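Quick notes on the structure that follows.
The values are calculated or read from the model by the stated rules, or taken from the named source; none is laboratory data. Owing to the predicted nature of the structure, the values given are computational and were not obtained by experimental measurement. Every residue, glycine among them, receives a Cβ derived from its backbone with ideal geometry; neighbour counts consider all protein chains shown.
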Amino acid sequence: MFQHEITLPGDQVFEIKPCGTGEITDILDIERECFGPDAWTEDFIRQVLSLTLVPGIFKKDKLIAYGVLSIRKNILSIDNLAVRKGYRRIGLASAMLELMLGTGKRNRCKRAVLQVEKDNQGAIALYEKFGFTKVRILKGYYSRHGQPAGDAWEMEGTTD
Ligand SMILES: CC(C)(COP(=O)(O)OP(=O)(O)OC[C@H]1O[C@@H](n2cnc3c(N)ncnc32)[C@H](O)[C@@H]1OP(=O)(O)O)[C@@H](O)C(=O)NCCC(=O)NCCS
């Protein structure tokens, strides 16, 4: 398990530690802020928390950002990454990605994969900064109420 502090520019101190069921309301809140109608539901978040690792970044016990990762057949999958609007562009997603890639590496994953909405330029720029490249377009990857709601890029990187 991990639990440590990070200090970002402006001497802002945050704590990184795993999320648990106590964070469901905050995760739901951030999901809605970041993904609107495509936000995960409370039941789905509960399921995710029971199945996989959800590292969180906290400021004075308030959840500011979280990531979701899973490992299958020595491949790290970055399943989600979200940062509250008021705390962007200060390095929180980068800190979270470093943690997730490091976790993958410690678990013998060399490759890392993720899917990102085709027009999400900010997230794509972030992943490219970490060496991820676009591998293929996934047509109709996202759906809403059973209807196709957008394409995704599959991106691939390494844990080094
Ligand atoms: C994408 C997201 C996670 C980035 O979080 P963040 O904490 O602001 O990212 P960082 O501060 O670590 O940014 C690191 C680098 O990524 C790139 N980047 C991040 N956001 C960007 C944006 N909106 N536009 C262009 N580049 C961006 C930049 O290169 C940035 O470095 P810089 O600030 O020195 O220029 C955040 O905007 C977010 O939560 N968005 C909504 C949810 C989402 O789209 N998640 C991704 C799902 S796949």
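Listed values, structure above:
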quantity: Selection status of GLU156, surrounded by 14 or more Cβ atoms within 10 Å (Cβ to Cβ) and either free of Cβ contacts under 8 Å to residues at least 40 places away in the same chain or within 19 Å of LEU81 (Cα to Cα) (or both); calculated: yes
quantity: Identity of the residue in segment 119-129, more than 7 Å from the ligand (Cβ to nearest atom) and surrounded by fewer than 17 Cβ atoms within 10 Å (Cβ to Cβ), that ends up modelled with the highest pLDDT; calculated: GLU128
quantity: Matching residues, segment 73-95, being assigned to a helix (DSSP H, G or I) and of a type in the set (A, V, I, L, M, F, W, C); calculated: LEU92, ALA93, ALA95
quantity: Members of segment 88-116 that are out of contact with any Pro (no Cβ under 7 Å at 6 or more places or on another chain), under 17 Å from LEU69 (Cα atoms) and within 11 Å of the ligand (Cβ to nearest atom); calculated: LEU92, ALA93, SER94, ALA95, LEU97, GLU98, LEU114, GLN115, VAL116
quantity: Test: residue in segment 1-12 that is part of a loop (DSSP other than H, G, I, E, B), touching a residue at least 40 places away in the same chain (Cβ under 8 Å) and within 22 Å of ALA125 (Cα to Cα); calculated: yes
quantity: Subset of segment 12-56 (residues that are of a type in the set (Gly, Ala, Ser) and within 15 Å of the chain's Cα centre (by Cα)); calculated: ALA39, GLY56
